[in-house]
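Colleague: The structure that follows is given in the form of structure tokens.
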Amino acid sequence: MASLNVGNLGEYLREQRRNAQLSLRQLADAAGVSNPYLSQIERGLRKPSADILQQLAKALRISAETLYVQAGILDERSPEAAGTRSVILADPSLNERQKQVLLQIYESFRKENGLDADPDTDSAADHPHTPQDPQASN
């Protein structure tokens, strides 16, 4: 497990919050944390738990895994894949739904090519309402 990178996590959270066009107060309310606590996280003064990161990810509509990697809680499986995911998530011209769809497609292609075959990266399991193509497994 890597060391917790609180400063970069805070910068990343702030960037994601701004991309989602949420105020600090709106994100704090959506994630169920206090304004001062979220402000301290963004400034790199606090080290949030995995549960808090999960709540923030849900409120921002990004994957919790992305925040865990940013925080250094989870090691990146593949630098190329993490870079691609980060670029997609940071693109201000895409809305959150479009970002999630692109990530699902990207993960399905990687899995089809034998990369990231770990069940933890199965984005379809994270999104049970995504229709499955019965031809894909043939």
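Colleague: Given a 1.4 Å probe and the protein chains all in place, what does the accessible area of Glu112 round to, in Å² to the nearest 10?
Modeller: Approximately 140 Å² for this residue.
Colleague: For Val87, what accessible surface area do you get with a 1.4 Å probe? Give it in Å², rounded to 10.
Modeller: 100 Å²
The values are calculated or read from the model by the stated rules, or taken from the named source; none is laboratory data. A quick note: this is a predicted structure, and the numbers were derived from the prediction, not measured. Accessible surface is based on the protein model in full, side chains and every heavy atom, while ligands, DNA and RNA are left aside. Shrake-Rupley method; radii C 1.70, N 1.55, O 1.52, S 1.80 Å.
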